[in-house]
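Contents: one structure, followed by commentary.
The values are calculated or read from the model by the stated rules, or taken from the named source; none is laboratory data. These numbers come from a predicted model, not from an experiment. A quick note on method: Cβ atoms are made from the backbone with ideal geometry, for glycine too, and the neighbour counts reach across all protein chains shown. These accessible areas exclude ligands, DNA and RNA; they are computed on the full protein's heavy atoms, side chains included. Shrake-Rupley method; radii C 1.70, N 1.55, O 1.52, S 1.80 Å.
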Amino acid sequence: FGSSHGVLTGSIRQPSQRPFAIMSDNESENEEIADLSNPDVTTKYRSAGDIVNKALQKVIEGCKPDADIITLCELGDKIMEEETGKLYNKKDKEGKKIEKGIAFPTCVSVNELVGHFSPMKGESKQLKAGDIVKVDMACHLDGFIGAAAHTVIVGGDKVEDKRADVIMAAHNAAEAALRLVQVGNTNTKVTEAWAKVAEEFSCKPMQGVLSHQLKKFVIDGNRTIISAESVEEKVEEFEFEMNEVYCIDVVMSTGEGKGKESELRHTVYKRAPDVMYNLKTQKARQFISEVGKRFPALPFSLRQIEEEQVARVGVSEAKRHELLEEYPVLKEKDGEIVAQFKYTVLLLPGGTKKITGLPLGDLEKQAVSSKSVKDEELQKLLASSANPKKAKKKKATGDKKEEEKA
């Protein structure tokens, strides 16, 4: 649901892919070095990752009883804007300014909401003690994206019911994926592990969620890991390759794992790359022109549009003519709970490096599940080290230096 977002970016309505891969010959060599074989690219990913972690941590700390969701969303966005604003302020070789900022607006989705809740003024909600809150966001430096999401229990209380089960299901599934997203492994292996982990905690992986490959200015790359296969939804099997980047999006539910559209306003959109249409009303034209200038490739929230009236009027006309792809606010059945952990990984020569995502933190004490992973194969996988430094004992000194630079 679309990224990240999965941004929750996998989505029941999958946004189409960006056309950035289609480049003229004279550009193709620039495109070649937009991967991790270029140390500058690796540095940009890592720096974007540090910023998103900082913003995520601050929003998580703000998830207290009576906190207003819109205030939390604005806080996450503000930190991402300010921190990316401090870096890469020199022009590039061609004298162009380096683009940077929000790559997926902060979303704060509670309990049965699956994701993408980033409300406009007057449509917000307050958090209450015991709520299970997913905070999801991404930022970028020069188009290189760091995306992350974390789940938090509002208030200091310990929970021992299905809320704890679903949080631990998502956490263990995220840990399993970190050990499976390795060069030479397949995406299918990851999906299978998620199904097994979910079963151990009597939960279901959320259908329609995709973990996407990330590329420069592309948050929803073609290579995906599907959360759960269904008759309607399957993805092609592939092997992970060196120097790739993935956003791993783990979303678990205590219910059936099927989201349906909620009655809440959808506010997160992405410009459909290849659709052109001359909108009729002046406000709609103003809206799509602002989107084109400020958010040509990556998702944005209607909150970010300068005039609220322009956003409200413009979006319906732009949607009617398919100029936008939407990230719908999906929900599980009332009373069910959805938990999410999302992180970005770099597949480097020294191993898979996780650059975003927060440690469990307070959840270790707060989410007390009576269930645990019993499957021996999974236990063995989860007990193995996910630290790439330890993965290869013997390294030529040259490799070591490269890795340190990275």
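Quick notes on this one:
- If only residues of segment 175-188 that are open to solvent by 10 Å² or more (accessible area, probe 1.4 Å) and aliphatic (A, V, I, L, M) are counted, the one that is farthest from Tyr343 (Cα to Cα) is Val183.
- Selection count where residues are open to solvent by 30 Å² or more (accessible area, probe 1.4 Å) and not hydroxyl-bearing (Ser, Thr, Tyr), scope segment 66-96: 19
- Leading residue by the ranking (nearest to His212 (Cα to Cα)) among those in segment 250-287 that are open to solvent by less than 30 Å² (accessible area, probe 1.4 Å) and assigned to a helix (DSSP H, G or I): Phe287
- When Thr42 is tested against (1) surrounded by fewer than 19 Cβ atoms within 10 Å (Cβ to Cβ); (2) modelled with pLDDT of 85 or more; (3) over 25 Å from Val114 (Cα atoms), just one condition goes unmet, and that condition is (1).
- If you go through segment 205-249 and pick out every residue that is farther than 22 Å from Ala195 by Cα, outside any loop (DSSP other than H, G, I, E, B) and open to solvent by 40 Å² or more (accessible area, probe 1.4 Å), you end up with 1.
- Screening Glu306, Glu236, Glu263 for residues that are within 24 Å of Ala149 (Cβ to Cβ) and either of a type in the set (Asp, Glu) or out of contact with any Asp or Glu (no Cβ under 7 Å at 6 or more places or on another chain) (or both) leaves exactly one candidate, Glu263.
- Of everything listed in (1) under 26 Å from Cys139 (Cα atoms); (2) in contact with a helix residue (DSSP H, G or I) (Cβ under 8 Å, 6 or more places away or on another chain), the single unmet condition for Gln213 is (2).
- Exclusive hit being farther than 18 Å from Arg265 by Cβ, crowded, with 19+ Cβ neighbours inside 10 Å and either touching a strand residue (DSSP E or B) at 6+ places or on another chain (Cβ under 6 Å) or not hydrophobic (A, V, I, L, M, F, W, C) (or both), set Leu324, Leu298: Leu298
- Matching entry among Pro105, Pro119 (being under 18 Å from Lys342 (Cβ atoms) and surrounded by 15 or more Cβ atoms within 10 Å (Cβ to Cβ)): Pro105
- Within segment 41-69, the set of residues being part of a helix (DSSP H, G or I) and among the small types (Gly, Ala, Ser) comprises Ser47, Ala48, Gly49, Ala55, Gly62.
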